[in-house]
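Below is one structure; the comments refer to it alone.
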Amino acid sequence: MIKFKSILLIVFAVIITQSCSDTSTKSDKEKFIDNLISQMTLAEKVGQMTLYSSGEDPTVPVFNPKFREEIQKGGAGAIFASISMDSIKYLQGLAMKSRLKIPMLFGYDVVHGYKTIFPIPLAETASWDMKMLEKTAAVAADEASASGINWVFAPMVDLARDARWGRVSEGAGEDPYLGGLAAKARVKGFQGSNLKNNNTVAACAKHFAAYGASISGKDYNTVDLSENYLREVYLKPYKSAKDAGVSSMMSAFNEVNGIPATANKKLLTDVLRDEWGFDGFVVSDFASIGELMNHGFAENKEQCAELSINAGLDMDMEASVYKEEIVQPLVDAKKIEISKLNNSVRRILRVKYDLGLFDDPYKYCNEDRAKNKVFTKSNLAIARDMARKSIVLLKNENQLLPLNLSKLKTIALIGPLAKNQADPMGTWIAQGDTTSVVTTYQGLKKQLPKNSKLLYTKGCDIDSDDTSDFKNAIKIAKQSDLILLALGEKGDMSGEAASKGNINLPGVQTKLLETLSKLNKPIVLILTNGRPMTLEKEVKLSNAVLETWILGTTSGDAIADVLTGKYNPSGKLPMTFPRDIGQLPIYYAFKNTGRPSNPDVRYSSRFLDIPSSPLFPFGYGLSYTTFAYSNLKIDKETLSNKDVLTATVNIKNTGDFDGEEVVQLYLRDLIGSVTRPVRELKAYEKIKIKKGETKTIRFEIIPERDLSFVRADLSTGTEDGDFTLFIGGNSDAQLAANFKLKN
Ligand code: NOJ
């Protein structure tokens, strides 16, 4: 008996100490938020959980004047696409008239810049230079925040392996490791070290989850992935964004394994909150809560609200479902617990608190900063540097590039993208102004010597079948020593709702190239496009090929920097380039299968009519110089989880220019309880090497970090066995070493 009493006492004491420490350790922030929530009516709570479009940006529906009244009653937590400081001040003023004076968030799609437009995210990732990605996100945050915006719908971190999907342009490509680093860099860039600073903004990683895995690359389409593949590949970049402290996430339009992401409790609560510990909020994508009805997942608005609130979806973007008249009856009927609403509101208020909006709701509306911080010379210089670092040199026969300007007296610049200002901006250009874009023509004009002639004609449109200008193209090509051919896609052929069934050059552009190639003049193909394309014929017909993606405001300057050799290209592909549309989806980290692809074996995993190999592998990209890899060494052949394996390799610059190389390390786990990809990127380093110089690069393999995977039972960890390590300049790296993990 005595024993029992003393046990009880101990238990009691522990409970008391714990609960005391709970209240005493609650931060001022949490106390402030608790206090606010305790005063809120249900209408005010769902108000915080509502986001309206301002209608000022032409891409969104017009602002409904009725919303103004609602804002004054505390009926909106956030406004989207309010783009003038005056309107932001005005709308925030309305929120300040509400009973509890809770400031609103002002969100905007700042996907690759605000006014200074940087390369599209896929292009930036091709630089493999995470410091630069962080820098451009920081500049975008600086410009957006100077204009009143405090929340950006970026970064887009959806991994994608099917180039038909137009939104590959907005992401970081096909690889979870590279995508994870890009996500982290961008979140850090937007949010800085402290959200309280007035030049940082809350970021929103999107679209949770697996939006990039839509079947056949068709936008908004179904996603069906094994749990293993989802966790091992697709979820990783979101997790990196979370680990980098992202303030919010946006749910995806698609369903995942039968449950729409918008109302997917497993994703939004079990994984995101309970497993990962994410304490920011989740906003839906545009109207996606209402789309639960189209999915065939909810019958009516009431059910949409019930399912998404219970799943953990905190804020409704434009579906007008989180409304008092819809939610109150659900609470009364005990279909939604009030604690669920409180949690959602708490998560939203936390971000407002972190931003310092309760101290000063107008802190982002600063005329001086708007005047002095936006579209500055230094921002443009960063954009130019980022743009040239994003360019990938795909082919350079007989070292045609850089242009030998002492010999080339007359150059023909031909193509619908040569003097084009709109298309090199792409989609999601926020407040970017296409008339300020430097075209390839202008960029070259600035850099070519006075005595060289630059002739121009358009040749054809991007996507019509008009060949009437071919004759002018032939004429100026004949007068020239070299042809620069600027071909590609329109800016809006990638991005949202821009899936394509064909990823060839549109219109008669290839025909133009074929026609010009008959003149036997050297041809440099300059590509502007937002996705990998099928370019086998075009690459064959050209002597040199530059993949310039969509480079933004300083496009032409950056292209000219590379053509003239002012900058030696160093970009590497963040996505595999297919030979044929029939190969999609195509990616380097495929599985070996039971019948590995062999062109000579009929009953192997292959196509009868097209090869299995890509046109250009992931990680590929040339430089004006050449690099020779040798002497790969590992310091042990067997290791346990407690050891660290060191791999070293020598890289010699064997060409005629100083240059930069991205040294890439891939691993293959030969046998697993779940089959493993033939290669996985595990580390890389981007280094500068002077001509003639050799550098030794050292990588560390830490088993728990680098050899772990999602095993058959869905736990994550290592498995003993054999591994092969590859180091080289792309995912087809040939230098290899074997080691064994033995615990
Ligand atoms: C829909 C897009 O999927 C999303 O990325 C974007 O942030 C919202 N619309 C708002 O523009």
Screening Leu159, Leu195 for residues that are within 16 Å of the ligand (Cβ to nearest atom) and not hydroxyl-bearing (Ser, Thr, Tyr) leaves only Leu159
Okay, helices (runs of 4 or more DSSP H) sitting entirely in region 120-228 with 3 or more residues that are hydrophobic (A, V, I, L, M, F, W, C), I get 130-146, 176-191
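Does Lys131 satisfy the condition of being away from the ligand (no atom under 16 Å from the Cβ) and surrounded by fewer than 22 Cβ atoms within 10 Å (Cβ to Cβ)? Please lay out each step first, then the result.
Values: away from the ligand (no atom under 16 Å from the Cβ): yes; surrounded by fewer than 22 Cβ atoms within 10 Å (Cβ to Cβ): yes.
Taking the combined requirement at face value, the residue satisfies it.
Has region 150-157 got any residue that is closer than 30 Å to Arg579 by Cβ and crowded, with 24+ Cβ neighbours inside 10 Å?
Taking region 150-157 and keeping what is closer than 30 Å to Arg579 by Cβ, we get 156-157.
Restricting the remaining residues to those that are crowded, with 24+ Cβ neighbours inside 10 Å gives 156-157.
Yes, region 150-157 has at least one match.
If the requirement is being over 30 Å from Gly173 (Cα atoms), outside the structural domain of Ser555 (by TED's automatic domain parsing) and of a type outside the set (Gly, Ala, Ser), which of these qualifies: Glu44, Glu134, Glu143, Glu124?
Numbers: Glu134 fails: over 30 Å from Gly173 (Cα atoms); Glu143 fails: over 30 Å from Gly173 (Cα atoms); Glu124 fails: over 30 Å from Gly173 (Cα atoms).
Going through Glu44, Glu134, Glu143, Glu124 in turn, the sole match is Glu44.
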Would you check if Glu143 is surrounded by 24 or more Cβ atoms within 10 Å (Cβ to Cβ), within 26 Å of Thr434 (Cβ to Cβ), among the acidic types (Asp, Glu) and away from the ligand (no atom under 16 Å from the Cβ)?
-> yes
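State which residue is farthest from the chain's Cα centre (by Cα) when the search covers only region 336-345 and only residues that are more than 19 Å from Leu105 (Cβ to Cβ) and part of a helix (DSSP H, G or I). Give the derivation first.
Just the residues of region 336-345 that are more than 19 Å from Leu105 (Cβ to Cβ), to begin with: 336-340.
Next, only the ones that are part of a helix (DSSP H, G or I) stay: 338-340.
Working: Ile338: 36, Ser339: 34, Lys340: 31 Å.
In this case the residue turns out to be Ile338.
Do you know which of the residues in region 346-382 that are part of a loop (DSSP other than H, G, I, E, B) and aromatic (Phe, Trp, Tyr) is surrounded by the fewest Cβ atoms within 10 Å (Cβ to Cβ)? Explain how you work it out, then say what you get.
Within region 346-382, the first condition is being part of a loop (DSSP other than H, G, I, E, B), and the residues that meet it are 356-364, 366, 373-376.
Those still in the list that are aromatic (Phe, Trp, Tyr) too: 358, 362, 364, 375.
Numbers: Phe358: 17, Tyr362: 15, Tyr364: 27, Phe375: 18.
Here the answer is Tyr362.
Please pick out the residue among Ala210, Ala263, Ala241 that is under 25 Å from Glu306 (Cα atoms) and within 16 Å of the ligand (Cβ to nearest atom).
Details: Ala263 fails: within 16 Å of the ligand (Cβ to nearest atom); Ala241 fails: under 25 Å from Glu306 (Cα atoms).
None of the other options fit; the residue is Ala210.
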Of those in region 390-415 that are touching a helix residue (DSSP H, G or I) at 6+ places or on another chain (Cβ under 7 Å) and open to solvent by 30 Å² or more (accessible area, probe 1.4 Å), the residue nearest to Gln442 (Cα to Cα) is Leu405
Result of the Cβ filter at 7 Å on region 45-60, keeping first residues that are farther than 23 Å from Leu313 by Cβ and partners that are part of a helix (DSSP H, G or I), at least 6 apart or interchain, is Glu56/Ser87
Output for Cβ contacts, cut-off 8 Å, separation at least six or different chains, first residue modelled with pLDDT under 95 and within 16 Å of the ligand (Cβ to nearest atom) in region 282-308, second open to solvent by 60 Å² or more (accessible area, probe 1.4 Å) and not polar (S, T, N, Q), reads none
Asp492 vs (1) in contact with a Gly (Cβ under 9 Å, 6 or more places away or on another chain); (2) away from the ligand (no atom under 16 Å from the Cβ): all pass except (2)
How many residues of region 230-271 are open to solvent by 20 Å² or more (accessible area, probe 1.4 Å) and either of a type in the set (Val, Ile, Thr) or not in a loop (DSSP other than H, G, I, E, B) (or both)? The answer is 12
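So that you can scan it fast, the table gives a plain yes or no per residue for (1) surrounded by fewer than 17 Cβ atoms within 10 Å (Cβ to Cβ); (2) free of Cβ contacts under 8 Å to residues at least 24 places away in the same chain; (3) in contact with a Leu (Cβ under 6 Å, 6 or more places away or on another chain):
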{"site": "Arg668", "(1), (2), (3)": "no, no, no"}
{"site": "Ala712", "(1), (2), (3)": "yes, no, no"}
{"site": "Asp720", "(1), (2), (3)": "yes, yes, yes"}
{"site": "Leu735", "(1), (2), (3)": "yes, no, yes"}
Answer yes or no: is there a residue in region 83-103 that is open to solvent by 10 Å² or more (accessible area, probe 1.4 Å) and within 13 Å of the ligand (Cβ to nearest atom).
-> yes
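Name the residues in region 670-694 that are in a loop (DSSP other than H, G, I, E, B) and within 29 Å of the chain's Cα centre (by Cα), would you?
Residues of region 670-694 that are in a loop (DSSP other than H, G, I, E, B), as a first pass: 670-676, 678-679, 690-693.
Once the filter is applied, which keeps residues that are in a loop (DSSP other than H, G, I, E, B) and within 29 Å of the chain's Cα centre (by Cα), region 670-694 yields Val674, Thr675, Arg676, Val678, Arg679.
Kindly indicate whether Ala182 is more than 16 Å from the ligand (Cβ to nearest atom) and either touching a strand residue (DSSP E or B) at 6+ places or on another chain (Cβ under 7 Å) or more than 17 Å from Asn254 (Cα to Cα) (or both). I'd like the intermediate steps shown before the answer.
On the way: more than 16 Å from the ligand (Cβ to nearest atom): yes; either touching a strand residue (DSSP E or B) at 6+ places or on another chain (Cβ under 7 Å) or more than 17 Å from Asn254 (Cα to Cα) (or both): yes.
Yes; evaluated as a whole, the condition is true for this residue.
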Based on this model, can you work out whether Asp57 counts as of a type in the set (Asp, Glu), over 20 Å from the mean Cα position of the chain (by Cα), within 16 Å of the ligand (Cβ to nearest atom) and open to solvent by 10 Å² or more (accessible area, probe 1.4 Å)? yes
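Conditions tested, residue by residue: (1) among the basic types (Lys, Arg); (2) touching a strand residue (DSSP E or B) at 6+ places or on another chain (Cβ under 6 Å).
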{"site": "Thr515", "(1), (2)": "no, no"}
{"site": "Val539", "(1), (2)": "no, yes"}
{"site": "Ser570", "(1), (2)": "no, yes"}
{"site": "Arg579", "(1), (2)": "yes, no"}
Residue pairs within 8 Å by beta carbon, gap of at least six or interchain, first lying in region 63-86 and within 19 Å of Ile149 (Cα to Cα), second among the charged types (D, E, K, R) and away from the ligand (no atom under 16 Å from the Cβ), listed first then second, are Ala76/Glu70; Met85/Glu367
Exception for Asp175 within (1) touching a Gly at 6+ places or on another chain (Cβ under 6 Å); (2) within 29 Å of Asp423 (Cα to Cα); (3) away from the ligand (no atom under 16 Å from the Cβ) falls at (1)
Pairs returned, first residue in region 313-335 that is within 16 Å of the ligand (Cβ to nearest atom), second residue that is aromatic (Phe, Trp, Tyr), beta-carbon separation under 7 angstrom, 6 or more apart or interchain, are Asp314/Phe281; Met315/Phe281; Asp316/Tyr322; Met317/Phe80; Met317/Phe286; Glu318/Tyr52; Glu318/Phe286
Restricting attention to region 598-609, does a residue exist that is closer than 30 Å to Thr718 by Cβ, part of a loop (DSSP other than H, G, I, E, B) and without any contact (Cβ under 8 Å) to a residue 12 or more places away in the chain? no
Check: In this structure, does Ser226 turn out to be of a type in the set (Gly, Ala, Ser), within 16 Å of Gly166 (Cα to Cα) and surrounded by fewer than 23 Cβ atoms within 10 Å (Cβ to Cβ)?
Finding: no
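The values are calculated or read from the model by the stated rules, or taken from the named source; none is laboratory data. Not measured: the values here are computed from a predicted model. Neighbour counts are summed over all protein chains in view; Cβ atoms, including those assigned to glycine, are modelled from backbone coordinates with ideal geometry. Protein only, heavy atoms only, side chains kept; ligands, DNA and RNA dropped before computing areas. Shrake-Rupley method; radii C 1.70, N 1.55, O 1.52, S 1.80 Å.
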